[in-house]
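The values are calculated or read from the model by the stated rules, or taken from the named source; none is laboratory data. Values in this document were obtained by computation on a predicted structure and should not be read as measured data. As a convention, Cβ positions derive from the backbone with ideal geometry for all residues, glycine included, and neighbour counts pool all protein chains shown.
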Amino acid sequence: MERILPFLSLLSRRRFLGTAGAATLAMASQPAPAEAAAEPASIHHENVALTVNGRRHALDLDPRVTLLDALREHLGLTGTKKGCDQGQCGACTVMVNGQRINSCLTLAVMHAGDEIMTIEGLEEAGVLHPMQAAFVRHDGMQCGYCTPGQICSAVALLAEHKAGWPSHVTADVASAPVLIDSEIAERMSGNICRCSAYPNIVAAIRDVAEGGRR
Amino acid sequence: MTPFRYDRADSVASACASAREPTAKFIAGGTNLLDLMKLQIETPTLLVDIGRLSLAEIEETAEGGLRIGARVTNSAVAADMRVRRRYPVLSQAILAGASTQLRNKATTGGNLLQRTRCPYFYDTTKPCNKRIPGSGCPALGGLNRMNAVIGVSEDCIAAHGSDMAVAMAALDARVETIAANGATRTIPIDALYRPPGTTPHIETVLAPGELIQSVTLPPPPPGRQLYRKVRDRASFAFALVSVAVVVACEDDRVSAARVVFGGISYKPWRSPEAEAVLIGAAATRASFDAAGRAALAHARGYGHNDFKVPLARRALRAALADATGAV
């Protein structure tokens, strides 16, 4: 996921839009060899029942639809953002059965019966989730595009820490680590903030981890 | 993505039978496969989803090891207290790779079978012998900073990207599979991967429709276990070089040693040469350097990745010094 080829997502998006080979691209753009042979006779659809933020939705989906696109384009839940669409930026982070994942790198059809939680599902009766409130209080954002993913990730992080999960910076992986700032930073490394609001993001998470204020 | 049929398997047997067609692919976590499908590097016509099969448990084995189901997520392996206590190198290696979001989805079997991140494999405007056999390897004279330095060929210098597999190789893990005809077999992890030779598009010894069911770890070897990874940023980056060591000492001499490198070859690169130098030697930096020289004796850089050869030697020295407490 971590390759340094940001132009690839641009390239694939352009190809999807039918502008492959446009002279404006700095590099020569030719269709992949497999592309020519793969035009289908018909595209079938799958009936998928998705449970999102406690509500069940019946959808009729092309199996190629990612969970991210199902949420945004089919259910109108646009809080979950599409950044890189290749699992590198974390803007699309949602929780599935309580665990955070990149919704861009999974198909909606794979999640029939799963419990999906998005940023829209965190508030209760109009009251922000403590993590949302802490991000506001600590100004844990600038442009805000990565924020829903950051917040979903942070909520899951606290549950993982509570379950005793170690991280890469845990000196002894058999121990139950204390959630110091370096632990928070490492555990949030799947969420990129282009505005670099990291200090305030860490402060917001630390605040909630320590009991926080509502 | 090119269109495909989607089949959610309800048994191992039906999954293997469905996936026997050559253009079928198993999908479990999908974090690598879907990325490649979006780029149309992978173009399966059938996806066999094994996400509802069993194969998601970690169990004790009669010999005192652990059997990890193919669908157990990387996160679940790294967080398992039995793994953390008895195979810390495996937890360390998994936690050194990717992000939590990816580890929560990526599975044990899928991690082993992930494709290379060679930039030319990913760039469909360029030739690549792995993508299009016979088209050439631009990495040889190109931007090969991330590529392999040992065990590869003039047709492909792609490196395997897994951290997990490096630790598993140091633990002598065995990969258990089932074929479409129901036959099962056990493959030492070191024999899972095929050298690129003139056929770099064939990466493993697995047959179409053959499914990894589990990975078994033998009882923990004696000694301290340690994974050290060197990368371009502190988190969420592939290894430039990594090394897994298991080393035991008696009276300041090395009594047992296992050495496996990551990031330098088409597979986790076990070094019997380094192990032979270490066993019986004094636990000193001079011995560790000698082991590193033996391990990398047949390595060669391709320009931008020349640094990997000395870096691998130094990473080994640092890991062994850390594991043994040598000064």
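Do we find a residue being within 23 Å of A:Thr78 (Cβ to Cβ) and under 16 Å from the mean Cα position of the chain (by Cα) anywhere in region A:155-169? Break it down into steps so the answer makes sense when it comes.
From region A:155-169, those within 23 Å of A:Thr78 (Cβ to Cβ) are A:155-156; that's our starting set.
Going one step further and asking which of them are under 16 Å from the mean Cα position of the chain (by Cα), we end up with A:155-156.
Yes; the residues of region A:155-169 include at least one that is within 23 Å of A:Thr78 (Cβ to Cβ) and under 16 Å from the mean Cα position of the chain (by Cα).
The set of residues in region B:22-49 that are in contact with a Leu (Cβ under 7 Å, 6 or more places away or on another chain) and among the hydrophobic types (A, V, I, L, M, F, W, C) comprises B:Ala24, B:Phe26, B:Ile27, B:Leu34, B:Leu39. Scanning region A:197-214 for residues that are without any contact (Cβ under 8 Å) to a residue 24 or more places away in the chain and farther than 12 Å from A:Ile151 by Cα yields A:Tyr198, A:Pro199, A:Glu210, A:Gly211.
So that you can scan it fast, the table gives a plain yes or no per residue for (1) of a type in the set (Gly, Ala, Ser); (2) farther than 22 Å from B:Met146 by Cα:
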{"residue": "B:Arg224", "(1), (2)": "no, yes"}
{"residue": "B:Phe238", "(1), (2)": "no, no"}
{"residue": "B:Val247", "(1), (2)": "no, yes"}
{"residue": "B:Ala257", "(1), (2)": "yes, yes"}
{"residue": "B:Ser265", "(1), (2)": "yes, no"}
{"residue": "B:Gly280", "(1), (2)": "yes, yes"}
{"residue": "B:Ala286", "(1), (2)": "yes, yes"}
{"residue": "B:Arg293", "(1), (2)": "no, no"}
{"residue": "B:Ala299", "(1), (2)": "yes, no"}
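If A:Asp69 meets every condition in (1) outside any helix (DSSP H, G or I); (2) without any contact (Cβ under 8 Å) to a residue 40 or more places away in the chain; (3) crowded, with 19+ Cβ neighbours inside 10 Å; (4) more than 10 Å from every other protein chain (Cβ to nearest Cβ) apart from one, which number is that one? Here A:Asp69 meets the rest and fails (1). Could you say whether any residue in region B:180-196 is surrounded by fewer than 24 Cβ atoms within 10 Å (Cβ to Cβ), over 30 Å from B:Gly325 (Cα atoms), touching a Cys at 6+ places or on another chain (Cβ under 7 Å) and among the aliphatic types (A, V, I, L, M)? Yes, that holds for at least one residue. Going through (1) at the interface with chain A (Cβ under 10 Å from one of its Cβ atoms); (2) not in a loop (DSSP other than H, G, I, E, B) one by one, B:Lys126 falls short only on (2). Counting only helices (runs of 4 or more DSSP H) wholly contained in region B:1-99, the ones carrying 2 or more residues that are basic (Lys, Arg), within 14 Å of chain A (Cβ to nearest Cβ) and surrounded by fewer than 23 Cβ atoms within 10 Å (Cβ to Cβ) occupy B:81-86. The residue list B:Ala148, B:Ala167 contains one member that is in a loop (DSSP other than H, G, I, E, B) and not assigned by TED's automatic domain parsing to the domain that holds B:Arg270, which is B:Ala148.
Hey, among the residues in region B:129-154 that are without any contact (Cβ under 8 Å) to a residue 12 or more places away in the chain and not hydroxyl-bearing (Ser, Thr, Tyr), which one's surrounded by the fewest Cβ atoms within 10 Å (Cβ to Cβ)? Looking at the filtered set, the residue picked out is B:Gly134.
So, B:Gln114, is that one within 12 Å of another protein chain (Cβ to nearest Cβ), over 17 Å from B:Ile41 (Cα atoms) and not β-branched (Val, Ile, Thr) or not? So B:Gln114 does not fit the description; no.
Would you say B:Ala191 is without any contact (Cβ under 8 Å) to a residue 24 or more places away in the chain, under 27 Å from B:Leu320 (Cβ atoms) and within 13 Å of the chain's Cα centre (by Cα)? For B:Ala191, the condition - without any contact (Cβ under 8 Å) to a residue 24 or more places away in the chain, under 27 Å from B:Leu320 (Cβ atoms) and within 13 Å of the chain's Cα centre (by Cα) - is met.
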